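To keep things clear, I will list the structure first and then write my remarks on it.
The values are calculated or read from the model by the stated rules, or taken from the named source; none is laboratory data. From a predicted model like this one, the values you see are computed outputs, not experimental measurements. Counting neighbours? That spans all protein chains shown, and the Cβs are built from the backbone with ideal geometry, glycine included. Surface accessibility is based on the protein's heavy atoms, side chains included, excluding ligands, DNA and RNA. Shrake-Rupley method; radii C 1.70, N 1.55, O 1.52, S 1.80 Å.
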Amino acid sequence: MNWFAKLQETFLEDNRYMWLVEGLGNTLLITLGALIIGVIIGAVIAITKYFCEGNKKLRIFNWLCDLYTTVIRGIPVTVLLLVFFYIIFVSVKDGVPVAIVAFGINSGAYMAELIRSGINAVDKGQMEAARSLGLSKGQAMAKIIFPQAIKNILPAIGNECIALLKETSVAGYVAVVDITKAATNIRNKTFDAVNPILLLALVYLVMVVAMTRLLAVLERRLRRSDGK
Amino acid sequence: MENKNYASGEVTIRVRGLKKDFADVSVLKGIDIDIHKGDVVCVIGASGSGKSTFLRCLNLLEQPTGGSIYFEGADLTDKKVDLNLHRQKMGMVFQQFNLFPHMSILENLTCAPVMLKKATPEQAKAKAMELLARVGLADRADSYPSQLSGGQKQRVAIVRALCMEPDVMLFDEPTSALDPEMVGEVLDVMKELAKEGMTMVVVTHEMGFAREVSNRVIFLDDGVIAEEGTPAEIFENPQCERLQSFLAKVL
Ligand SMILES: Nc1ncnc2c1ncn2[C@@H]1O[C@H](COP(=O)(O)OP(=O)(O)OP(=O)(O)O)[C@@H](O)[C@H]1O
Ligand SMILES: [Mg+2]
């Protein structure tokens, strides 16, 4: 049997390529969902820390944020996924939302550090100028500091997003059929190991390259809006 | 006794016993001064003498360690005072301009008045364009700060403060970061402002400006106002030795 016929048998018989398409859908859904959750958690933590640092009364919030980042960063994301699926959300049978939450919470810890470094990189004079005009600390953060911080760290957020996409390949541990799991299913069904795995690798590679390109375009746009 | 050259209007800023320590260094050791409506006060002194610290205490960008700052009657060091509200009336211009780089010039000028509901977007824009025209930058409204020269940035920064219609303007060495050929254009704007009766406190190394524009000069040394007087008194007839040697160095 030649290679072409083999491909046909592996992917076209029983419309098995559709498994991959559906798996890809889940992979993208989990990545996007987790990214949104991650950015929101990260922003909340970074901003909380910004306002609470050095304030004795609010120290407890600072401490809670530190606890979160320490715990999350100390646990491998696969283990975190198992914890969420088999311990916290036992009653939820669909793995996709659980995976979104688990990857989102994981990503949030890294996003928090990123966004914090972005906020700290904004010149101190920006906050002073804003306050001297009468803006409150919150208004200054929302309109002056945060937009600049995000712009500064956009490349890093993009990298985090790419890492996240690749990390989701372990979602199969909790009964999610992402693209990796779909490829595994095809392999088990057809006893063709080589082609599903090669195709899987190719799909990830193409997605990552596409995301990298997209990011470069976005960065150039943003820079142009600064007139630089 | 008040010198007759001093503005005699109501007191805009009253400073009493102002002290500021950083960790274990005492930078301001008790400063008392009244700044009247229409005053143009220049603050001079050696590098590190606390000029910036003094100015930044006036709008509480720096929290004083002791003493009081009264602005239009309200004690700004009182925790119950709405500081943000009072700051709207105290414009500040920084050595490093501190324009918002992610906003166009027009957005730089209108964001605070609109956000603080001082004006509708249309009113804020009209006001900004009028003031921009007066400093000769109307055609740069849609530019971004990075596209302007230092002198242009500082003129925009002055306009940004003016858009809030402040009662007093604080300047911290507004020309020190500029190339020499751009100093004049910024000083001209400030002179114009002084002529219109704006109350101003200006930290400066530009002795020519101090002499020509201000009606009072204060010399900070060792954390106190070591000498205070009209420009004529300070520059022609300095009393304390520290001021004499300072002037000998800078003039
Ligand atoms: N945030 C700070 N923390 C610690 N020390 C500070 C701080 N800000 C200022 N100082 C110190 O206070 C002193 C006065 O500083 P300040 O900036 O007010 O001087 P200045 O008269 O404005 O000097 P220059 O002419 O160089 O601007 C300096 O010795 C400086 O090192
Ligand atoms: Mg200074």
Can you list the residues of segment B:133-160 whose accessible area drops by at least 50 Å² going from the chain on its own to the full set of protein chains, with a 1.4 Å probe?
none
Using DSSP to call loops (not H, G, I, E or B), can you name the chymotrypsin sites (Phe, Trp or Tyr not before Pro) in segment A:161-209 whose Cβ has at most 15 other Cβ atoms within 10 angstrom?
A:F191
FRET E, pair B:R16, B:K80, Förster distance 22 Å, beta-carbon r, rounded to 0.05
0.75
Inter-label distance for B:E165 and A:T212, nm, one decimal - labels placed 7 Å from Cα along Cα-to-Cβ:
5.6 nm
Over segment A:2-225, what percent of the accessible surface lies on carbon and sulfur atoms, probe 1.4 Å?
67 percent
For chains B and A, what's the summed buried accessible area, probe 1.4 Å, to the nearest 100 square angstrom?
2000 Å²
Between B:E233 and A:L12, what is the FRET efficiency for a Förster distance of 60 Å, r being their Cβ-Cβ separation, to the nearest 0.05?
0.05
If the cut-off is 22 Å between C-alpha atoms, which lysines fall inside it for B:K191, apart from same-chain ones fewer than 8 positions away?
B:K4, B:K37, B:K51, B:K89, B:K127, B:K153
Looking only at the protein assembly as shown, where both bridge partners belong to it, what percent of the DSSP beta bridges are antiparallel (to the nearest 5)?
55 percent
How many angstrom lie between the C-alpha centres of segment A:174-191 and segment B:205-251?
82 Å
Using only DSSP helix segments of four residues or longer, with each worth -39500 (n - 2.57), what per-residue ellipticity at 222 nm results for chain B after dividing by its residue count and rounding to 500?
-10500 deg cm²/dmol
Whole-percent carbon and sulfur share, accessible surface of chain B, 1.4 Å
47 percent
List the residues of segment A:179-228 for which accessible area in the full set of protein chains is at least 10 Å² lower than for the chain on its own; 1.4 Å probe, protein heavy atoms only.
A:S225, A:D226, A:G227, A:K228
Distance from the Cα centre of segment A:45-92 to that of segment A:108-123, in angstrom?
16 Å
Segment B:59-101: which residues show an accessible-area loss of 50 Å² or more, assembly versus chain alone, 1.4 Å probe?
B:N84, B:R87, B:N98, B:F100, B:P101
Under a 1.4 Å probe, what is the accessible area of the protein assembly as shown per residue, stated in Å²?
48 Å²
Averaged over B:109-118, how many beta carbons belonging to a partner chain fall within 10 Å of each residue's beta carbon?
3
Hydrophobic long helices for chain B, i.e. whole DSSP H runs reaching 15 angstrom or more by Cα along the axis with Kyte-Doolittle mean at least -1.0, come out as B:105-115, B:121-134, B:150-162, B:180-195
Between the modelled labels at A:E53 and A:L154 (7 Å from Cα along Cα→Cβ) the distance in nm is 2.4 nm
May I ask you to rank B:H205, B:H36, B:H86 by accessible area, largest first, using a 1.4 Å probe over the protein chains only?
B:H205, B:H86, B:H36
FRET efficiency estimate (nearest 0.05) - Cβ-Cβ, B:H205 to A:I75, R0 56 angstrom:
0.45
Tally of Lys pairs whose C-alpha atoms are under 30 Å apart, taken over segment A:2-225, 8 or more apart or cross-chain:
27
Label point 7 Å beyond Cα of B:Q123 along Cβ direction - residues of segment B:139-175 with amide nitrogen under 17 Å:
B:162-167
